[in-house]
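The values are calculated or read from the model by the stated rules, or taken from the named source; none is laboratory data. Quick caveat, the model's predicted, so the values are computed rather than measured. In this analysis, Cβ positions are derived from the backbone assuming ideal geometry, glycine residues included, and neighbour counts consider all displayed protein chains.
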Amino acid sequence: MSRIMEKIYALFRMNILIFVLLAATVIALFAYQNGLDDIVFLNLSDYPYVIAETDSADGGSSAVAISRTDSSIIVDYELKEGYAYPYAGVKILLGDGKTKGRDFSKFDSIFVWVKPRGEGTVRIYFRGYDADFYREGDEGSLKFNEVEFFPLEETYPAVFVPQEFRVASWWVAQNEINVHKARVDLSNIPLIEIQTGTNAPLGYGTLEIRGFCFKGKKISKVDLVTILVALWFVTFLIILVIRFFDYNRERAANRKKQEELEKYLAALEIEKSEYEKSSRTDPLTGCLNRAGFGSVLLREQENLTKNGSPVSFVLLDIDHFKEVNDTYGHNVGDEVLVNLTKLIQGKIRNSDSLVRWGGEEFVILCGETPIQNAQFLAEKLRVAIENTQLISQQRITCSFGISEMIAGEDPKRLFERADKALYASKEGGRNRVTSATYRRQAR
């Protein structure tokens, strides 16, 4: 009963962690959606660093005058011929107006209060500083991040997102800017310009400018998601640690109980039998190992001595197995051995014995089988292995050596003859079958 209560407590403890994290996630997302706003206003009515500008710097003759009200700046201008694209407007200095400005890149909405008293568009430049191409004392080297629009009563104030700005193409061409640098960058804006647009008619006009509002979030969505993912990761790590210690305690308790029960088990003989069986088989492939091979060989020797039943010995070796291990790793090498074992066991008789002799070398002991039949079997296996995709990385082939047991001979001689035949297969180019002749056996 106490163990059940411990499990309930452990589960409840982990559920509390998940519930707390889930609640924190929901609260954070709700707060992000409905709050955490970062809002900056730039009211030009009381902003001291506003300067009138016209096309006179470009050889034009337009005129401009500015005045202030309680809520805005009034720009009265007269556009005259003299410059190809007459303009008038104001400059708003931020920071030092040259290299140190304001960072507007974190804001996702920009509100602009501008009303023209006349026709035409309004152009806004967010002039950006970039050390790669800024020339000291040259205001023209500040990047022209621009947007041009028709101010309409129904969309007042005008609202933009940073993606709607673009870098003026004429400025890119004039300064020979690399295309990768010709991207909108609002991270350092020392100067803002508001001007009449490209299609403003000649003559008198007025711009009423109240200012700007920059709106964004105190924390970016990427940062918020990163923090939440990190919290979830840490929480699950804590849960895993808790589960690890719980598992260790439970494992220790089970081990103690098992040790007590094992004193009274009546199945020790079964365990012993299973142990003996496992000691005679290869743990990777499941076929016999050398220890298991000894009893099978003894049985076939007795059949040969008593009944004259022929016994053949097929020795096979995987070609270039070391290269497979070196190239693809030992896991792939193990896959070759396992799949090869399955293929061979599917093509030999139940009375035949497959033995993993060591490494990539296998032995097939074939009772009641003369050497000619063993050679036929080996050739069949060779072709099957060559035509079977044992691993996806490459084709696998095997070389074979065949010998037939002679009554009363030392088994080492049998293996030596098969090994010489295998060596001849490898010397002959691999992927072939070679049999030790009866004359070789007689020697």
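Put simply, of Arg123, Arg135 the only residue that is of a type in the set (Lys, Arg), part of a strand (DSSP E or B) and within 20 Å of Asn175 (Cβ to Cβ) is Arg123. So, Asp130, is that one in contact (Cβ under 8 Å) with a residue 24 or more places away in the chain and at negative phi or not? Yes, satisfied. Candidates in segment 79-120 are the residues that are among the hydroxyl-bearing types (Ser, Thr, Tyr) and in a loop (DSSP other than H, G, I, E, B); of these, the one that is nearest to Pro190 (Cα to Cα) is Thr99. Does segment 407-415 contain at least one residue that is more than 25 Å from Lys347 (Cβ to Cβ), assigned to a loop (DSSP other than H, G, I, E, B) and in contact with a Gly (Cβ under 9 Å, 6 or more places away or on another chain)? Looking through segment 407-415, at least one residue is more than 25 Å from Lys347 (Cβ to Cβ), assigned to a loop (DSSP other than H, G, I, E, B) and in contact with a Gly (Cβ under 9 Å, 6 or more places away or on another chain). Every test in (1) crowded, with 18+ Cβ neighbours inside 10 Å; (2) at pLDDT below 90; (3) under 16 Å from Ser187 (Cβ atoms); (4) of a type outside the set (Lys, Arg) is passed by Asp130 save one, and that test is (1).
Being modelled with pLDDT of 80 or more and over 30 Å from Ile16 (Cβ atoms) holds for only one residue in Arg280, Arg251, and it is Arg280. Selection of first residues in segment 229-248 that are over 11 Å from Ile18 (Cα atoms) and of second residues that are of a type outside the set (A, V, I, L, M) and loosely packed, with under 13 Cβ neighbours inside 10 Å, restricted to Cβ pairs under 8 Å at least 6 apart or on distinct chains, gives the following pairs, ordered by first then second residue: Ile242/Arg13. Here Pro370 passes the criteria (1) surrounded by fewer than 18 Cβ atoms within 10 Å (Cβ to Cβ); (2) farther than 25 Å from Glu300 by Cα; (3) of a type outside the set (Lys, Arg) except the one numbered (2). Restricting Gly60, Gly82 to residues that are at pLDDT 90 or above, more than 54 Å from the chain's Cα centre (by Cα) and not acidic (Asp, Glu) narrows the list to Gly60. Within segment 378-420, the only residue that satisfies the criterion of being of a type in the set (Phe, Trp, Tyr) and modelled with pLDDT of 95 or more is Phe400. Hey, could you check segment 381-407 for residues that are touching a helix residue (DSSP H, G or I) at 6+ places or on another chain (Cβ under 8 Å) and polar (S, T, N, Q) and say which is surrounded by the most Cβ atoms within 10 Å (Cβ to Cβ)? Per the criteria, the residue is Ser403.
Criterion applied to Ile51, Ile73 was being touching a residue at least 24 places away in the same chain (Cβ under 8 Å), hydrophobic (A, V, I, L, M, F, W, C) and touching a helix residue (DSSP H, G or I) at 6+ places or on another chain (Cβ under 6 Å), and the one residue passing it is Ile73. If you check Gln394, Gln375 for being in a helix (DSSP H, G or I) and not small (Gly, Ala, Ser), only one passes: Gln375. Does Gln163 fit the bill of being of a type in the set (S, T, N, Q) and either more than 34 Å from the chain's Cα centre (by Cα) or not assigned by TED's automatic domain parsing to the domain that holds Ser105 (or both)? No, not satisfied.
Condition check for Leu365 on (1) surrounded by 21 or more Cβ atoms within 10 Å (Cβ to Cβ); (2) assigned to a helix (DSSP H, G or I): one failure, at (2).
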